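The structure under discussion appears below in the form of structure tokens.
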Amino acid sequence: MQNEVISFDYVLTAKSGQVIDASAKGRPLIFISGLGQIIPGLELILQQMQPSEKKTVTIAAKEAYGLRDESLVHKVDRSRLPNQEIKVGDMFEVGQGQDFTPVTITAINGDEITLDGNHPLAGEDLTFAVEVVSKRLATPEELAHGHVHGAGGCHH
Ligand code: ZN
């Protein structure tokens, strides 16, 4: 169902079994369904679950952070990067004006730096262990603002 405020606990693991991310204890993630606020594959499943229901699901890369796009991988000269210490795994934004893209340094070869504009989880099938904590209808005000108000949301 759309336009619901859904809060849920999750543990996200990669194919390797490594835990990538998890909601903090007692602080579930909260979102409004139908607005594309979380990855589409997971949103679809949470919409069909009931409060206190638990499920472990694997979301294919395409329905998570998308497939990898090798055209987003660029090699640049060290001199084009900010004059600070850099290491593999560093993320920063490149671009001009309004158009910024987050990139990750994936290799350093002397002065040749490889920048990857793919989301770090692009191309990864992701496994989520989720538990729906609560569901309620979003208020007209929340829908107008596009975010949740009150507990776990915006206070203003
Ligand atoms: Zn608001």
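The values are calculated or read from the model by the stated rules, or taken from the named source; none is laboratory data. Not measured: the values here are computed from a predicted model. Quick reminder, even Gly has a Cβ in these numbers, built from the backbone with ideal geometry, and neighbours come from all protein chains shown. For accessibility, only protein heavy atoms count, side chains too; no ligands or nucleic acids. Shrake-Rupley method; radii C 1.70, N 1.55, O 1.52, S 1.80 Å.
For this structure, a couple of remarks:
- Sum of side-chain charges, VAL5 neighbourhood, beta-carbon under 14 Å (Lys, Arg +1; Asp, Glu -1): -2
- Accessible area expressed per residue, the chain, with surrounding protein chains retained (probe 1.4 Å, Å²): 62 Å²
- When the pairs LYS54/LYS87; LYS55/LYS75; LYS62/LYS135; LYS15/LYS135 are compared against a 32 Å limit on Cα-Cα distance, LYS54/LYS87; LYS55/LYS75 fall above it.
- For GLU85 and VAL19, the FRET efficiency from 1/(1 + (r/R0)^6), where r spans their Cβ atoms and R0 equals 35 Å, is about 0.80.
- Projected label points at ARG78 and GLN2, each 7 Å from Cα along the beta carbon direction, are separated by 5.2 nanometres.
- Highest average first, the peptides 111-123, 86-98, 62-74 ordered by how many other beta carbon atoms sit within 10 Å of their residues are 111-123, 62-74, 86-98.
- With K and R counted +1 and D and E -1, the other residues having a Cβ less than 11 Å from that of ILE59 yield a net charge of -3.
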